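The values are calculated or read from the model by the stated rules, or taken from the named source; none is laboratory data. Everything numeric here is computed off the predicted structure, so don't read it as measured data. All Cβ positions, glycine included, derive from the backbone under ideal geometry; neighbour counts span all protein chains shown. Please note that ligands, DNA and RNA were not included when accessible areas were found on the heavy atoms of the full protein model with its side chains. Shrake-Rupley method; radii C 1.70, N 1.55, O 1.52, S 1.80 Å.
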Amino acid sequence: MDEKYFAKKIEDKWQTKWRESGAFEVEETDAKPKFYQLEMLPYPSGNLHMGHVRNYSVGDALAWYKRLKGFNVLHPIGWDSFGQPAEDAAIKRGVNPRDWTEENINHMRGQLQRLGLSYDWRREMAAHRPDYYKFDQWFFLKMYEMGLAYKKMSQVNWCPNEKAVLSNEQASGGICWRCGWAVEKKEIEQWFLKTTAYADQLLDDMAEIEAGWAEKVLKRQRDWIGRSEGAFVEFGIRNSEFGLKEDTNPQSEITNPKSVRVFTTRIDTIYGANAIVVAAEHGIVEANFANFSDETRAVIEKIKADKLKVTDHEAEIEKEGVDTGLKAVNPFSGEELPVWVGNYVMIEYGTGAVMSVPAHDERDFEFARKYDLPIRQVISEPHLAHEHSQMQAMALEQAFTEYGVLVHSDYWNGKTSDAAKKEMTDYAVKHGFGEAATTYRLRDWGISRQRFWGSPIPIVYCDVCGVVPEKQENLPVLLPENVTITGAGESPLAKVPEFVNTVCPNCNEPARRETDTMDTFVDSCWYYFRYLDNQNSEMPFAPEKAAYWTPVDQYIGGDDHAVMHLIYTRFWTKTMRDMGLVTFNEPVKRLLTQGMVIGETFFDVIPNEEDPESKGKRIYFPPDKVTVERDAKGKIVSAKSADGKELQSAVERMSKSKGNGVDPDEMVEIYGADAARLFVLFAAPVENELVWNEAGIEGATRFLQRVWRFTYKWIQEGGFRPLESGFEVEGSRLDSQEFGYKMPSVGFIIKGDNAPGSTKGNSPEVRKLTQKTHQTIKRVTENFESLQFNTPVAALMELSNALYDFKVEPSEANDEERYAVRVALVSLVLMLTPFAPHTAEELYAQLIGNDQGILANGAQFPIADENLAKADEIEIPVQVNGKLRSRVLASPEASNDDLEKMALADAKVAEYTDGKQIVKIVVVPKRLVNIVVK
RNA sequence: GCUUGGGUGGCGGAAUAGGUAGACGCACAGGACUUAAAAUCCUGUAUCCUUCGGGGUGUGCGGGUUCGAUUCCCGCCCUAAGCACCA
C-alpha cells in the first residue's frame, strides 16, 4: 500500500479490473431481487458537463448501494443521438452528422468511464443507429394500425427567405437564426400521435406513482393535461345568413348550423353573459364574413394576421375584438346577446367560442371594460346575496371568480354555484341545448420534423393506394448516406431522390416516401426498454425481459424534463401495454429530479440603439479572463475584462457559450474521479441548485486522504495483527452475523460469543467508537433510503473524525481496541463505496488482503446493531421556563421520575428555581426536562 | 397575473415526529511540526455584553397556539422556478 493517496493510480487500476471482470454486467436471475437504476441518457454534444456528472454520480451511488444491499442491479447508459446539433454542425461545417455523432459518443464514453461509473456497457444503445431507430418505426406502424398515428394540417415556423422550416429555438425572437428574416407560421400536413386518447389515464394513473414522484412534477403534468369539467351550451343565432357551413366543433355531437356552441366551466354564471365571443377562425365568422362591414372585416383580418406572428411569450397581448352584428340568444334567459370576435379566444381549445361573463371572469371583464359592454353580477358571496339581489347592477372593481350564490338568475336565484352547475347542466340536456363536457389542454403530439437527423417516418405515398404504411419486414427505412445538408428548403430528405423514390408496398407501383423524420422525444420514450435486450433484431425488446426488469425502480434526471419527456414516455408505456409488450401502466416507480449546476458568469450588455436586433444581447467573458474584486463577504464589487471594461455578473446555468462551464476531465485530472463525485454529492441536496465553487472540492480530497492515511497507519503499524487471546482466529473470510456483513481477514478473524465487537467493549473509548460506528451505519442507511446524499457523506466524515479521536497507537492497542477500529474502518470503507468506489475498493482490498474486489468478495453494506448503537449515557438538557439552563447525564432507560429528580437536584437549575413556585414539570423521555416556575 | 417551492452564520448546508439551532464541509484566524514553504495535526469561529463564572439576543418580518416553535396556524415582505389569455 502506498503511503500517499494517488487517485489516478487506483482509479486506473480499478477501472481496468471492473472492465476485465465484467463487475457490473448483470443478467436476469431469481437468486436476488432486481433493481433497475436509470438515469436520463445524455445527448452526445461532444463533452460531458457538470450536470451530467451530478446526475450520474447520484445514480451510481444508488446503484452501488443497492448492489451492496444484495440486489441484482441493472445500471445502463446510452445516447440520445438524434437531434439538431448534429444537423447544425453539418449545415455550418459540412461534416457528416453520423461521423460527428459517433466521434462525440466515443469521446464522452471515455469521459464516463474515467469517472468510474458502474454501467453495464454491453447494453449501450444509440438512437441514431439503424438497429435502434428501426423500432421507432416499428412502434409508429403499430400505432398507425391502432389508429393512434394520423396526419393533419398544423403550423410550423417558416422562414420565407430560406424557404425552410425552423424549430422554436431557431425562430427565437421571431427572426430566422440564419438570415434574420421575420419568421412566419405556415400550415403543413404533419403526423400526430394521439396522446389525448390517454389523457384520462395519464391523469388517473398518477395515483400509482404519487409516492415516488415529486409533487411538483405531477402538478406540472396535471396542468399540462389540464382536464376541466364543464358543459357545452348551444346559443341560437338569430340573424346568421348562411349558418355554419360545417360543424366546427370537433368535440360536439350536436350539430346545429344555426347556433354557436360554447364551452364553459361556469354554467352557473350564464345569466351574467353579455356577449358570445368567438375566435376569428370560427365557422360562424367565415359563413357570415361577406355580410360584415369593412371595418369589422379589417379587425378580423388583423386578429388573424397577428396570430401568425411569432412572438416571445413575454408580453401580454392587449385584448382586441369587434362586434359582428350577429345576435345570439341565451337559451336560459331568452336574452339577445351580440356576437363578437375576440383575439383572446383560441380556436384550438374547447369550441373556439365562449360566453362572455365579465362579472365573473377576468378576461371577459377586461374585454368588457375596453369595449364598454355591460357587466352584470349574478354570483354573490353568500352573506351578501340578499343585498345583491335587491340591486340591479353592481359596480364591480374586478371580476368575482369564486363560487357563491346565484342572484339575478330567475328560477335559479339562491342556489349555490355547485348545485346550480349540476342542475343547470341537466336542464340544458333535457331541453336539448347542452351537455356535460370535459375538455383538455393536452394536444395530440406532433412528431413530424422537417429535418434530416432523425428517424424517418415509415410511410409511403402512392398515387394509386394513397397513404400506405411501410411493411414491417422492410424496416428500417434507412437514412441515406452522404447527403449534403444546407438547412434551406422544406425537408432535407425531400432533396434525395434515392430516398424519396420507392415503390408502393401495396401495389408495387412507383411511389414517394414521407420525407419528415420523427421528433427526437420519440427515441427517449422507450430507450430504457432497449437496454434490456439491445441485440434483438425482431422486436424492440422481449416482453419476458421487460417482465423481469421493468418498471424502472429509480429514475434520475433534470426537472427540465418534468413535462415533455416524462409525459411522452408515460404515454408510450400505455400504448406498449395495449400492444401487449408490458403489463403495467406506469414505467417509473420513483423519480428523482436533480437541480441544475450553475456558475458565475461575466458579461457586457450591448447598448447599441441603432441595431435593435442586437440590443440587450450579452457578450460573455470567460471567468478566468476577468479580474474580479470581492468584498469581505465574498460579494462581487467589480468585474473587469482584460481591456478594463466594466462587466456585469450573474449566476447562471453552466454552458460553454457563457464560459462558466467546468470541464469534468480537468476535475478528474486534478482531484480524481472519486473526489469530484464525492464533492458533487456532498455540496448540496440533489434537488437544489448547485453553485459551483472550486474550493469545496479540496475538502472532499482531504477527507479521502484522511481515511487513506488512517488505514495505512493501522496496517503498517500492526494494528491488524492477529488477536492475542480469547478469540478464535481464522485465516479466511467468515460471515459475522453480529454485523450483518462479511468480516474478512487481514491475518485474523474473530469468532465466538465473547468477541469484543459483539459487545460494547469495556473501555469508554471503545464503547464510544463502537456506538458511533453503528449510529453511522443507521444514519447512512436511512439517508440512502430517503434519497439524501449530502448528509450521509457528513456522517462518514464524522465517523472518520471519531477514528482520529481514538487516541490509541496501533502497535499498543489491545484486542478489544483493535477489533473496534477494524469494525469501524471496514464499515466506513464499505459505506464509502457508493461515493468513492475506486478508493473504497483499494482500501477494502488492503484491509482484507485480496484484490478481487468488493462485489466478488461478496461484501455487503453494513447493518446497524441497535443495541450497539445505543449510548450508555445521554445528555438531557434541562430548561427552566423554556430556556436552557443545564444538562444532566442519565441512562437512556431512566424513568421520568428519575429525570425529574436529577433535574431538580442540579445546582445550576436550583439558581433559577430557588424561591419560585414550581408550576409544572414537563419530561420528554430521552429528550429533555422543562421546569415551569412562577 | 396565476401556481408551486424556498428564506437558518462570511458561504454550501444540518436539525427523526413541536424538544440542546448551526452537524459536516468551505473560508478565515491562532498554534504545533519545518531552515522555510506546502502538506499534516491541534484549537477557535452566529451575534452583542461580560467582572471570563456567565448573561442577553438570534432561523425573512408582525402576530397566534404551546411548558417549549426553524418546525404548526394567520397576515405581510423578499426570492427562485413553472404556466401564461385553456373559458
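Using a probe of 1.4 angstrom and keeping all protein chains present, the accessible surface of region A:23-140 works out to 29 square angstrom per residue. Cut-off under 27 Å on the C-alpha distance; same-chain residues fewer than 8 positions from residue A:370 excluded. Which lysines are left, in chain and number order? Hits, sequence-local ones excluded: A:302, A:304, A:307, A:309, A:319, A:327. At the listed q of 0.12, 0.13, 0.17, 0.20 Å⁻¹, the Debye profile of region A:423-514, built from one uniform point per Cα, gives log10 I(q)/I(0) equal to -0.54, -0.57, -0.79, -1.01.
At 0.36 nm per residue, and after removing the present C-alpha to C-alpha distance, how many nm does the segment from residue A:286 to residue A:896 gain when stretched out fully?
Numbers: separation 610, 0.36 × 610 = 219.60 nm, distance 8.38 nm.
Difference between extended and current length: 211.2 nm.
Sorted largest first by accessible area at a 1.4 angstrom probe radius, with every protein chain in place, the residues A:125, A:579 fall in the order A:579, A:125. Measuring nothing but how far apart in sequence close Cα pairs (under 8 Å, 6+ apart) lie, relative to its length, chain A scores a relative contact order of 13 percent.
What the phi angles of region A:82-97 give under the Karplus curve with 6.51, -1.76 and 1.60, with θ = phi - 60°, is a coupling list of 8, x, 5, x, 5, 6, 4, 4, 5, 5, 6, 10, x, 7, 7, x Hz, glycine and proline written as x. Electrostatic bookkeeping for residue A:553 treats Lys and Arg as +1 and Asp and Glu as -1; over the other residues with beta carbon under 11 Å from its beta carbon, the sum is +4. Within a straight-line Cα-Cα reach of under 25 Å, residue A:908 can be paired with the following lysines, leaving aside sequence neighbours fewer than 8 residues apart in one chain: A:883, A:916, A:920, A:926, A:934.
What does the extension gain come out to for residue A:220 and residue A:155, with contour length at 0.36 nm per residue minus their alpha carbon separation?
My answer for the length gained is 20.9 nm.
A 1.4 Å probe run over region A:821-893, with the rest of the protein chains in place, finds 33 Å² accessible per residue. Between residue A:121 and residue A:423, how high is the FRET efficiency from 1/(1 + (r/R0)^6) when r is the Cβ-Cβ distance and R₀ = 51 Å? Nearest 0.05. In this case the efficiency is close to 0.20. The long axis of helix A:837-848 is offset from the longest Cα principal axis of chain A by roughly 20 degrees. Note on residue A:219: aspartates and glutamates with a C-alpha under 16 Å away, same-chain residues under 8 apart excluded, are A:200, A:204, A:205, A:208, A:210, A:559, A:560. Relative to its Kirkwood radius, the Cα radius of gyration of chain A gives an Rg/Rh of 1.05. Rounded to the nearest 20 debye, the dipole magnitude of chain A is 1180 debye, with +1 charges on Lys and Arg beta carbons, -1 on Asp and Glu beta carbons, and the Cα centre as origin.
Most tightly packed first, judged by the mean number of other beta-carbon atoms within 10 Å of their residues, the peptides A:518-527, A:221-230 read A:518-527, A:221-230. Per-residue Karplus couplings for region A:503-517, computed as 6.51 cos²θ - 1.76 cosθ + 1.60 with θ equal to phi - 60°, are listed in order as 10, 5, x, 8, 10, 6, 6, x, 8, 10, 7, 4, 9, 7, 10 Hz, Gly and Pro entered as x.
The order of the peptides A:359-371, A:39-51 by mean Cβ neighbours within 10 Å, most packed first, is A:39-51, A:359-371.
For the residue pairs A:142/A:186; A:151/A:471; A:92/A:495, the C-alpha atoms sit more than 21 angstrom apart in A:142/A:186.
Quick one: what do you get for region A:504-574 if you divide its Cα Rg by 2.2 N^0.38 Å?
Values: Rg = 16.4 Å, N = 71, 2.2 N^0.38 = 11.1 Å.
Normalised by 2.2 N^0.38 Å, the Cα Rg of region A:504-574 equals 1.47.
If you look at the Cα atoms of region A:637-708, you get an Rg and a Dmax of 15.1, 47 Å. Looking at chain A, the DSSP beta bridges with both ends there are about 80 percent antiparallel. Sorting the segments A:290-303, A:448-461 by their mean number of nearby beta carbons within 10 angstrom, highest to lowest, gives A:448-461, A:290-303.
Could you look at region A:472-519 and say what percent of its accessible area is carbon and sulfur, using a 1.4 Å probe and all protein chains?
Roughly 47 percent, rounded to a whole number.
Radius of gyration (Cα atoms) of region A:1-64, expressed as a multiple of 2.2 N^0.38 Å: 1.45. Sequence-distant contacts, meaning Cα pairs under 8 Å at least 6 residues apart, place the relative contact order of region A:1-154 at 28 percent.
Over every pair of different alpha-carbon atoms in region A:50-106, take the mean of 1/r and invert it; report that Kirkwood radius in Å.
It works out to 13.8 Å.
Every helix of 4 or more DSSP H residues in chain A counts as -39500 (n - 2.57), and over all residues that averages to -10500 deg cm²/dmol at 222 nm. In region A:824-879, the portion of solvent-accessible area held by carbon and sulfur atoms comes to 41 percent [1.4 Å probe, whole percent, DNA, RNA and ligands not counted].
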